[in-house]
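None of the figures in this text is laboratory data; all of them are computed from the coordinates on show. Predicted model, so just to flag it, every value in this text is computed and none were measured. All Cβ positions, even for glycine, are placed from backbone atoms using ideal geometry, and neighbour counts span all protein chains on display.
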Amino acid sequence: MSYPFTDEPEAPRITQAVQWLIAINVAIFFLQLTIVSPSDMQGWLGFTLGDLSSTWWTVITYMFVHGGFMHLVLNMYTLWLFGPRIEHVWSSPWAFVRFYIFCGLGGWLFHLPFSSGSVLIGASAAVLGVMLAYAMRWPDDEMLLFFVIPVKVKWMVVFLGGFNLLMGMAGVGGGTAYLAHVGGLIFGWLYLRTPSA
C-alpha cells in the first residue's frame, strides 16, 4: 500500500479497535482449534436461519467465526491493511466499530433471503465495508494484487463488488456467501452517505 502525500498525520500501523477486532477473531479461531470443535463453534456463533428469539446473538457473532486458517488470515490481513488509517482519521475507535458492525449486519441481511439453511460465518462483509470506506477516502492509493500487480484501491473495490454480485446472482456457492459480501459493501456505502458520517 502506498500513501500519497497528504496533510493527514501518519496513521499508526495498528489502532485500538482494529487490534481488538483482530484479537477477538484470532481468539475464537484458537478456541476452535483447541477446546471447542470447529463445527460446535460455528453452530453456537454462526448464523443459521431459524428461530432468532433463541439465537439472536448470531446476527453479530457470525462475524467473528471463520471456516479455516486462510479464511481468517485473508480477512484479518485486509482489516489490518485498510482499517487503521480509517480509524485514525475518524479519531474514534467506537465510530470504527459501529461502522464495522453495521457493514456486518448488511452482510447478514443480504444473506438472509438466500441462506437455504447454510451457516453464515466470517468477517468478510464487515471487512469489505472497511475497504470501501478506504477507497472512498483515498481512491487513488495503490495496492499490490497478488503482491505483484499495482491496482488502485477504487478499482479493486469495484472488481470485488462486481465479482461477488455476479457470483451471488449466478447462484454459485461453494461455501462462500457472495451476496453477504455485497451487503457489506452496500451498507458501508449507505452509512458513509449519511450526513452524520
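Miscellaneous remarks
- Computed over segment 16-128, Kirkwood Rh from alpha-carbon pairs, angstrom: 14.3 Å
- For segment 62-197: relative contact order, % (alpha-carbon pairs under 8 angstrom, 6 or more apart): 32 percent
- Charge dipole (debye, nearest 20) of segment 34-177; +1 at Cβ of Lys and Arg, -1 at Cβ of Asp and Glu: 220 debye
- Here segment 58-191 yields Rg over Rh of 0.95, to two decimals, using C-alpha coordinates and the Kirkwood radius.
- Cut-off 18 Å, label 7 Å out along Cα→Cβ of residue 193, residues of segment 121-136 by amide N: 129-136
- Extension gain for residue 57 to residue 31 (0.36 nm times residue separation, less C-alpha to C-alpha distance): 7.5 nm.
- In this label model, residue 101 and residue 24 are separated by 0.7 nm, measuring between points 7 Å along each Cα→Cβ vector.
- Tail beyond 15 Å, pair distance distribution of segment 125-197 (Cα, percent): 56 percent
- Calculated FRET efficiency for the pair residue 176/residue 39, C-beta based, R₀ 22 Å, to 0.05: 0.75
- Taking 0.36 nm per residue of sequence separation and removing the Cα-Cα distance, the residue 74/residue 145 pair yields an extension gain of 24.3 nm.
- When each of the peptides 144-157, 55-68, 14-27 is scored by how many other beta carbons lie within 10 Å of its residues on average, the order from highest to lowest is 55-68, 14-27, 144-157.
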